[in-house]
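Where a number appears in this text, it was derived from the coordinates with a stated rule and is not lab data. All values derive from a computational prediction rather than experimental measurement. So basically every Cβ, Gly included, is an ideal-geometry build from the backbone, and we count neighbours across all protein chains shown.
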Amino acid sequence: MEFKIDTKSSYILITPVSNHLDAKLTAELRQKCRELTENGRNNFIVDLHNCLDGDKSSFVGLVEMHEDCYSNEQSLVFTNVQTEVMQALKAEEMDNSINIAPTLIEAVDIVNMEILERDLFGEEE
């Protein structure tokens, strides 16, 4: 599976090239996040604008990926989710189990706020 990776100062933008979101793509996304974490990166935005449709099997993987990141004090936000994929997520009642931002700017804002929250809560302890 091919991804476009764009490294920014506070996050990494991962854009799958595939137009279909399935379990295989989700598994490879999880693996890519693990690899990037091993290299010291902690915050991820996944731009799904290319994914025009999605399998139900992939949604479980997205939720697991989200839980993995947040249990390790990382951020993960999905953005530019196409209408058909969003409708399927809502039908499976998984749209509230992951962070979804309508635009990249909003996704960056979420990541930056979470970084700030972790820094503030870390100082209090």
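At R0 = 25 Å, how high is the FRET efficiency between residue 105 and residue 6 if r is their beta carbon distance? Nearest 0.05 is fine. Display every interim value, and only then the final one.
Working: r = 14 Å, r/R0 = 0.58.
Given R0 = 25 Å and the Cβ-Cβ separation, E is 0.95.
A simple rule links phi to the HN-Hα coupling: the Karplus curve 6.51 cos²θ - 1.76 cosθ + 1.60 with θ = phi - 60°, which for region 30-42 gives 4, 5, 4, 5, 4, 4, 5, 5, 4, 8, x, 9, 10 Hz, with x for Gly and Pro. Of the chymotrypsin sites (Phe, Trp or Tyr not before Pro) found in region 54-123, no site is in coil according to DSSP while having at most 15 other Cβ atoms within 10 Å of its Cβ. Here the simple spin-label model places points 7 Å from the Cα toward Cβ, and for residue 24 and residue 68 these points are separated by 1.8 nm. Only lysine pairs 8 or more places apart, or on different chains, with alpha-carbon atoms under 22 angstrom apart are counted in region 3-124, and they number 8. Normalising the average separation of contacting C-alpha pairs (under 8 angstrom, six or more residues apart) by the number of residues puts the relative contact order of the chain at 24 percent.
Taking the charge dipole of the chain about its Cα centre, with +1 at Lys and Arg Cβ atoms and -1 at Asp and Glu Cβ atoms, the residue from 5, 60, 122 reaching farthest to the positive side is 5. For the chain, DSSP calls about 30 percent of its internal beta bridges antiparallel. Normalising the Debye intensity of the chain to I(0), with uniform scatterers on Cα atoms only, and taking log10 at q = 0.09, 0.20 Å⁻¹ returns -0.23, -1.14. The simple spin-label model puts a point 7 Å past each Cα toward its Cβ; for residue 90 and residue 17 those points are separated by 3.2 nm. The distance between label points at residue 49 and residue 119 comes to 2.8 nm (points 7 Å beyond Cα on the Cα→Cβ vector).
This model, with +1 at the C-beta of Lys and Arg and -1 at the C-beta of Asp and Glu, gives the chain a dipole about its Cα centre of some 460 debye. Close amide H pairs (under 5 Å, H built 1.01 Å from N) link residue 47 with 14, 15, 79, residues at least 5 positions away or on another chain.
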